[in-house]
Amino acid sequence: MAQAFVDLHTHSTASDGTLPPRELIRAAKDAGLSALALTDHDTVGGIAEAADEAKKLGIDFLPGIEISAEFPHPGTLHLLGYGIDPANPSLQNLTSLLIEGRNNRNPQIVEKLNELNVKVTMDEWQAKAQGGVLGRPQLAALLVEKGYASSVKDAFNRFLGQGAPAYFDKERLQPRAAIERIHQAGGLAVIAHATQLRRSSIRETATVIKNLADQGLDGIEVIHSDFNDLEIDFLTRTADDFDLLKTGGSDFHGGTKPKISLGSVNGRRVPREFYDELTAELKRMSSW
Ligand code: AMP
Ligand code: ZN
Ligand code: FE
Ligand code: FE
């Protein structure tokens, strides 16, 4: 059999991606992928639709989620939860908590933008979100449409990103609690795009990951659109040294991050064995 490839980090309109879950699965089929994980921010709202389409098209589907945890600025710590059960009450409880954090933050952003004479409303952001979780990339796209920024990146640099005037933090769980919640929901916890921890050296990044492993972390995303070859090699070695699972994905968002394509990560592809090892571990935990 020809070598098979997967994408284990993707977003749909259920959060801040631009493809509805069903279309995301079709795109995965078109890209020749044999498996896909949907990892929307703070929601499992897209999973039923994606799973249904995956079944129809004969693609293996892994339900997931991406949540952010407390971490010192300017770093960010995102955790992927794989194999979570969308119906699990503790997961429902977690997503409600995370959405509440957004609902507290988002109006502050809009209010500040208005103070800066950037005319945008919560209703417009809501409309842009197409029924999904309201994330900053949709707001950034709105600012581009309205002529306040030249690109999504520019909107983050000038208004929405860390250090910019309309940046507001949202409440997050401590990493240990976030990992525990993922486990309670029957999932495995994997650190996403570890370069965004923004540690000053590779050694420091490894130390953070080691501490997370001591708190129950199950795996490391070793292939991601942000990584160069050296980072991929280093994270792969770190995963092997600490006996952690390896995952990989594009972090596909569709139109708001047009440089990122599904299933292809800077010319690399994510091997099927990452999916097989994740699901084997889920089976061992007997939650799958
Ligand atoms: P939110 O979940 O609403 O806080 O928004 C987080 C999303 O914004 C993630 O998908 C990030 O990739 C994206 N994001 C955060 N900072 C930037 C930035 N400086 N440039 C582009 N995208 C960003
Ligand atoms: Zn996103
Ligand atoms: Fe992320
Ligand atoms: Fe992501």
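All of the numbers you see were taken from the coordinates with simple rules; none came from a lab. For clarity, every value in this text was computed on a predicted model and none was experimentally measured. No Cβ is skipped: glycine too gets one built from the backbone with ideal geometry, and neighbour counts run over all protein chains shown.
Given a cut-off of 17 Å, what percent of all Cα-Cα pairs of the stretch 191-288 lie beyond it?
Details: 2523 of 4753 pairs.
Percent of Cα pairs beyond 17 Å in the stretch 191-288: 53.
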Checklist entry - Across bins of 5 angstrom width beginning at 0, how are the C-alpha pair distances of the stretch 130-272 distributed, in whole percent? => result 2, 9, 14, 17, 18, 18, 14, 6, 2, 0
Checklist entry - Relative to the compact globular guide of 2.2 N^0.38 Å, what is the alpha carbon radius of gyration of the stretch 159-212, as a ratio? => result 1.40
Checklist entry - Over the stretch 1-103, what per residue volume does the convex hull of the Cα atoms give, in whole Å³? => result 117 Å³
Checklist entry - Once both axes come from the Cα atoms, what is the angle between helix 272-284 and the longest principal axis of the chain, in degrees from 0 to 90, rounded to 10? => result 80 degrees
Checklist entry - Based on the Kirkwood radius over alpha-carbon pairs, what value in µm²/s does the Stokes-Einstein equation return for the translational diffusion coefficient of the chain at 10 °C and 1.306 mPa s? => result 83 µm²/s
Next on the checklist: If I take all pairs of Cα atoms in the stretch 224-277, what percentage of them are more than 17 Å from each other?
Outcome noted: 41 percent
Checklist outcome for this item: Bridge orientation stat for the stretch 18-161 from DSSP, antiparallel percent rounded to 5, came to 55 percent
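With r defined as the distance between the Cβ atoms of N211 and A280 and R0 fixed at 22 Å, what FRET efficiency is calculated, to the nearest 0.05? All intermediate terms of the calculation are to be shown ahead of the outcome.
Values: r = 26 Å, r/R0 = 1.18.
The computed FRET efficiency comes out at 0.25.
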Checklist outcome for this item: HN-Hα couplings for the stretch 5-19 via Karplus (6.51, -1.76, 1.60; θ = phi - 60°), in whole Hz with x for Gly/Pro, come out as 10, 9, 9, 10, 8, 9, 10, 10, 5, 5, 10, 9, x, 10, 9
Checklist entry - Quick one: what Rg and Dmax do you get for the stretch 25-166 from the alpha carbons, in Å? => result 17.1, 51
Next on the checklist: Pairs of alpha-carbon atoms within less than 8 angstrom and 6+ residues apart define the contacts here; what relative contact order does the chain have, in percent?
Outcome noted: 23 percent
Next on the checklist: Over the stretch 77-141, what portion of Cα pair distances is larger than 14 Å, expressed as a whole percent?
Outcome noted: 66 percent
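Using just the helices of the chain, give the 222 nm mean residue ellipticity in deg cm²/dmol: DSSP H runs with n ≥ 4 each add -39,500 (n - 2.57), and the total is spread over all residues, rounded to 500. Kindly include the intermediate steps, with their values, before the conclusion.
Details: 10 runs with 118 residues, N = 288.
Helix contribution divided over all residues of the chain: -12500 deg cm²/dmol.
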Item to check | For a label point 7 Å along the Cα-to-beta-carbon line of F242, residues of the stretch 53-91 with backbone N under 17 Å | outcome: 67-72, 75-82
Checklist entry - Roughly speaking, what is the centre-to-centre gap between the stretch 1-61 and the stretch 81-115 when only Cα atoms are used, to the nearest Å? => result 22 Å
Next on the checklist: Counting only other residues whose beta carbon sits under 15 Å from that of T207, what net charge do I get with K and R as +1, D and E as -1?
Outcome noted: +2
